[in-house]
Amino acid sequence: MALRDIKPTRSELINLKRKIQLSQRGYKILKMKRDGLIMEFFKVLAEAKDTRGDLLRKYEHAVQMMAIANTVEGAIGVKSAAFSVKEVPQITLKSKNIMGVIVPQIESSKVRKTLADRGYGVLGTSTVIDETASSFEELVEAIIESAEIETTMKRLLDEIEKTKRRVNALEFKVIPELTEARDFIKMRLDEMEREELFRMKKIKSRNTA
């Protein structure tokens, strides 16, 4: 806002004071939102650390079980058992609101299966196949949970950055510029008032001379 473009009028002064009040109110609200989002982010971050570790452990366990199954049953036997599964996991994507940020809520079903649901013949396979299947089912559950938390964390972080930019814009640009314009108008109005008072005194002194 260039000072030379400002009209030094009382109506403009009132308008600027109103804008300053609104900007200051918005600044406080956005600051509270930013701080609240940061708190939520750190809560989710703590969960993410746990789920990442859990996901890694379950992945390593599933890989080990697959290696053992390939040794015991052979690659063909493992593939045959895998292709016997009729039902695949079902994913339902919903959403929830965290301080105005829409984040995913992932629900899954048919991930954990009974021996009957897996489709392969119990008599024709060893318990290694069952244990391998269970380890991969646990891994899939961990992947789903991790996907929800990681996406939530990213969306919260994006919103925090956006809110921080708006807070900084108000604090360091909008409010200072409005305040400077207000002070300029007040100064000009005071000068004009003094000039008018001086002019009136001069006229009065002429009339009384």
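The values are calculated or read from the model by the stated rules, or taken from the named source; none is laboratory data. Just so it is clear, the model here is predicted, and its values are computed rather than measured. Ideal geometry is used to build each Cβ from the backbone, glycine not excepted, and the neighbour counts take in all protein chains shown. For the accessible areas, the whole protein counts, side chains as well, though only heavy atoms, and no ligand, DNA or RNA atoms are used. Shrake-Rupley method; radii C 1.70, N 1.55, O 1.52, S 1.80 Å.
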Run Ile29 past the list (1) in contact (Cβ under 8 Å) with a residue 40 or more places away in the chain; (2) within 30 Å of Glu171 (Cα to Cα); (3) part of a helix (DSSP H, G or I) and report the number of the one that doesn't hold.
-> (1)
Arg34 fails exactly one of (1) touching a strand residue (DSSP E or B) at 6+ places or on another chain (Cβ under 7 Å); (2) surrounded by 13 or more Cβ atoms within 10 Å (Cβ to Cβ), namely (1)
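Mind checking which residues of region 37-65 are open to solvent by 60 Å² or more (accessible area, probe 1.4 Å) and either not in a helix (DSSP H, G or I) or not acidic (Asp, Glu) (or both)?
First, pick out the residues of region 37-65 that are open to solvent by 60 Å² or more (accessible area, probe 1.4 Å): 39, 42-43, 47, 49-50, 52, 56-57, 59-61, 63-64.
Correct list: Met39, Phe42, Lys43, Lys49, Arg52, Leu56, Arg57, Tyr59, His61, Val63, Gln64.
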Restricting region 71-90 to residues that are open to solvent by 50 Å² or more (accessible area, probe 1.4 Å) and free of Cβ contacts under 8 Å to residues at least 24 places away in the same chain, the residue that is nearest to Val128 (Cα to Cα) | Thr71
When every residue in region 148-180 that is exposed (fewer than 15 other Cβ atoms within 10 Å of the Cβ) and among the hydrophobic types (A, V, I, L, M, F, W, C) is compared, the one nearest to Leu37 (Cα to Cα) is Ala169
